[in-house]
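*Asks:* Mind looking over this structure? Questions follow.
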Amino acid sequence: MRNLFRDDAAVSVTMEYIIFSMLFISLFALLYVSFGDMMVNGPKETVIQNKFSDIGNMMTSLVTDMYLILPENGVIESDYMIPAKVGGESYTINANLAMTDQIFELVSSSGEETSVTISGIAITIPINGTVSSSDINHRISYDSRK
Amino acid sequence: MAGLKDNNSGQLIILSGFVLCFSLVALILLVNQTMITGYHSSNAVLEFPKHQIRDITSQTRESCVYMTELALDLNQSSNLSIDHNYRLLFDQYEQQMAMLYAGHGEQVTLDLSAMNLTSMATNTPNINTIWVNITYSNGMTYYSSEPEIIEVRP
């Protein structure tokens, strides 16, 4: 027994083992907690923001193009296609703020939100409506008689 | 194996290989970023038939003026009325336009809904108007101008 206490040849090895395992365990715990944010939510947010501004710009350029060729007496209707899901989530395009704030709003089901400007067109022609990405038909229509 | 460990020449080659690797990875990341931007916004501009619709209306306006002149000329050389001549010319124009756009998979119908060319023969300074119903459809976009009121002068 006396020999056992006097012999400290393997102490540093054990200490090293303990210190390293503690380090690695704490690192792993940190990673485990923040893995979802780092690997899933962060990129998803980026994708949603990018796609939303892309789709929003599509909407505004469509509206601008339609505005440029509106018939004096008549109808113009245009169907457009948008992805049903962005970043695994469905979303709605909301034009109800167009009259007051001159924007289109895209809101995902988890609450991500992007606005794009429609550069003052709603001053001359009223724009309103909402559409969900999961609807079958997406259409912008204008009727001069309404 | 001993030779491999001791031989340390060619290190710059290996180092430059690493540098190239990392720069390629950085480029790939950049390319991936651009993949997800600007598809829909640029596609909408390309797909929306703004120019087609503009062409149809401006061409119809222009042609209506020419047809008025022609109808007037034909009236002087034959005993058919201006209205009758105009309808004949317009039918031809309508058929040609429909054919041209059908070639691109687009449907165009032009329809002469009303015309007021009576003052033309009597030379009174009234405004002569042609009312044309224009419709255009390419499956995604439907446009109708009913009527497009076109002012013509002899």
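*Asks:* Against the longest principal axis of chain B, how steep is helix B:82-102, in degrees 0 to 90 to the nearest 10, with axes from Cα atoms?
*Replies:* Compared with the principal axis, the helix lies near 20 degrees.
*Asks:* Taking Cα pairs under 8 Å and at least six residues apart, what relative contact order does chain A come out at, in percent?
*Replies:* Numbers: 164 pairs, mean separation 36.5, N = 146.
Computed over chain A, the figure is 25 percent.
*Asks:* Return the Rg/Rh ratio of region B:50-152 with Cα-based radii and a Kirkwood Rh.
*Replies:* Working: Rg = 14.4 Å, Rh = 14.2 Å.
Using Cα coordinates only, the ratio equals 1.01.
*Asks:* While we're looking at this one, here's another question. Compute the distance in nm between two label points, each set 7 Å from the Cα along the Cα-to-Cβ direction, one at A:Leu97 and one at A:Leu30.
*Replies:* 3.8 nm
*Asks:* Return the distance in nm (one decimal) between the two label points of a simple spin-label model at B:Ser42 and B:Val25, each offset 7 Å from Cα along Cα→Cβ.
*Replies:* Going from the B:Ser42 label point to the B:Val25 one covers 2.9 nm.
*Asks:* Just how many % of Cα pairs in the protein assembly as shown lie over 37 Å apart, if you round to the nearest whole percent? Provide the component values of the computation, followed by the final result.
*Replies:* Numbers: 22182 of 44850 pairs.
Across the protein assembly as shown, Cα pairs with separations above 37 Å total 49 percent.
*Asks:* Next question. Give me the inter-chain shielding for B:49-59: mean count of other chain Cβ atoms within 10 Å, whole number please.
*Replies:* Working: counts 3, 6, 2, 1, 6, 2, 0, 1, 2, 0, 0.
So the per-residue partner count for this stretch is 2.
*Asks:* To continue, here is another question. Work out the mean other chain Cβ neighbour count within 10 Å for the residues of B:138-150 and drop it here as an integer. It would help to have the intermediate numbers written out before the result.
*Replies:* On the way: counts 1, 1, 6, 11, 7, 10, 7, 9, 6, 4, 4, 2, 0.
If you average over the peptide's residues, the count of other-chain Cβ atoms is 5.
*Asks:* How big is chain A by Rg and Dmax over its Cα atoms, in Å?
*Replies:* 28.8, 107
*Asks:* Relative to the longest principal Cα axis of chain B, at what angle does helix B:11-35 sit, 0 to 90 degrees, rounded to 10?
*Replies:* That works out to roughly 30 degrees.
*Asks:* Choose one answer from B:Ser144, B:Ser58, B:Ser42: the residue with the largest mean-square fluctuation in a GNM of chain B with alpha-carbon springs under 10 Å.
*Replies:* Checking each option, the largest mean-square fluctuation is seen for B:Ser42.
*Asks:* List the trypsin sites (Lys or Arg not before Pro) within region B:21-98 that DSSP assigns to loop and that have no more than 11 neighbouring Cβ atoms inside 10 Å. The partial results should precede the final answer.
*Replies:* Numbers: sites: B:Lys50, B:Arg54, B:Arg61, B:Arg87; in loops: none.
Of the trypsin sites (Lys or Arg not before Pro), not one in the loops of region B:21-98 has a Cβ with at most 11 other Cβ atoms within 10 Å.
*Asks:* Right, next: Which FRET efficiency, nearest 0.05, do B:Gln107 and A:Val107 yield, Cβ-Cβ r, R0 41 Å?
*Replies:* On the way: r = 37 Å, r/R0 = 0.89.
Using R0 = 41 Å, I get an efficiency of 0.65.
*Asks:* Just tell me which lysines come within less than 27 Å, Cα to Cα, of A:Lys44; anything on the same chain fewer than 8 places away is out.
*Replies:* Once the sequence-local lysines are set aside, what remains near A:Lys44 is A:Lys85.
*Asks:* Quantify, in whole percent, the carbon and sulfur part of the accessible surface of region B:50-152 (1.4 Å probe; protein heavy atoms only). Write out the running numbers ahead of the final one.
*Replies:* Values: 2840 of 5590 Å².
It is 51 percent, rounded to a whole number.
*Asks:* Between A:Ser21 and B:Asn32, what FRET efficiency comes out of the Förster formula 1/(1 + (r/R0)^6) with R0 = 41 Å and r the beta carbon distance, rounded to 0.05? Each step should come with its number before you reach the end.
*Replies:* Working: r = 37 Å, r/R0 = 0.90.
With R0 = 41 Å, the Cβ-Cβ based efficiency is 0.65.
*Asks:* Total accessible area buried between chains B and A, 1.4 Å probe, in Å² to the nearest 100?
*Replies:* Numbers: alone 11140 and 10340 Å², together 19400 Å².
Separately minus together, B and A give about 2100 Å² buried.
*Asks:* In addition: Could you work out, for region A:62-137, what percent of all Cα-Cα pairs fall into each 5 Å distance bin, beginning at 0 Å and stopping at the bin that holds the largest distance?
*Replies:* 3, 14, 23, 23, 19, 12, 4, 2, 0
The values are calculated or read from the model by the stated rules, or taken from the named source; none is laboratory data. Only a predicted model underlies this, so the values are computations on that prediction, with no experimental measurement involved. Heads up, the Cβs are rebuilt from the backbone with ideal geometry, glycines too, and the neighbour counts pull from every protein chain shown. For accessibility, only protein heavy atoms count, side chains too; no ligands or nucleic acids. Shrake-Rupley method; radii C 1.70, N 1.55, O 1.52, S 1.80 Å.
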